[in-house]
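The structure appears below as structure tokens.
Throughout, read-outs are computed from the coordinates displayed, never taken from laboratory work. Predicted model only: the values in this text are computed from it and were never measured. Neighbour counts run over all protein chains shown; Cβ positions are idealised from the backbone, glycine included.
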Amino acid sequence: MRNIFSRELRTEIEIAASTDDVWNVFADFESYHDWTDIFRFPRGHLETGKKLEVIITPTDSRSITLRPVLLRADEKREFRWKGHLLLPGVFDGEHYFRIEGVEGGRSRFVHGEIFTGFLVPWLWRDLDTGTRGGFERFNRDLKRKVEDLDGRALRA
């Protein structure tokens with residue numbers, strides 16, 4: 001039986017670049033303003049256990065500032081944080097970004113979030129549309145930035 005208080009939103013995109021190249025662009029938080037408007041990291045870092053400051057601007061709404069705890073910053077592989085709305089258990093999100101090597105020196109960028117808590121069933125429809133759209137747009141922005149670094153962009 002599926003838990004109605006837990007849902008995962010997962011997106012992915014293939015990038016014509018090495019995992020090193022993808023990580024280097026992804027982890028350069030200070031340069032996000034040059035290539036995307038989905039995320040800003042006024043306080044971005046790679047120290048697990050510490051709070052981040054993340055400003056998220058969804059596709060069709062105003063910005064939200066979160067202060068999640070960084071759970072994992074595994075260089076060239078995964079960046080993961082967890083945040084809460086109001087109190088833990090009401091609406092929690094474990095946001096993740098993974099970079100996987102694929103054949104031919106390419107990378108797969110996996111971007112998702114595991115939502116848990118009492119409000120998940122009531123918010124899922126908006127998450128599965130608006131939030132998914134924001135994740136997909138960030139993925140495309142990252143792909144464009146990484147592939148344009150040295151002119152190897154693939155026109156999909």
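Give the total of Lys-Lys pairs in the chain with Cα-Cα distances below 26 Å; include a pair only if its members are 8 or more places apart or on different chains. For the chain, qualifying lysine pairs total 7. Projecting the Cα atoms of Leu142, Gly105, Val69 onto the dipole axis of region 6-148, where Lys and Arg carry +1 and Asp and Glu carry -1 at the beta carbon, places Val69 farthest toward the positive end.
Taking other Cβ within 10 Å of each residue's Cβ, how do Leu87, Leu142 sort, fewest first?
On the way: Leu87 10, Leu142 24.
So the ranking, lowest neighbour count to highest, is Leu87, Leu142.
Helix 132-148 against the longest principal axis of the chain: what's the angle in degrees, Cα atoms only, rounded to the nearest 10? Around 20 degrees separate the two axes.
Applying Stokes-Einstein at 4 °C and 1.567 mPa s to the Kirkwood radius of the chain, computed over alpha-carbon pairs, gives a translational diffusion coefficient of 80 µm² s⁻¹. Computed over region 1-51, the percent of Cα pairs more than 18 Å apart is 55. Between Leu87 and Leu123, the modelled label-to-label distance comes to 1.6 nm, taking each label 7 Å out from Cα in the direction of the beta carbon.
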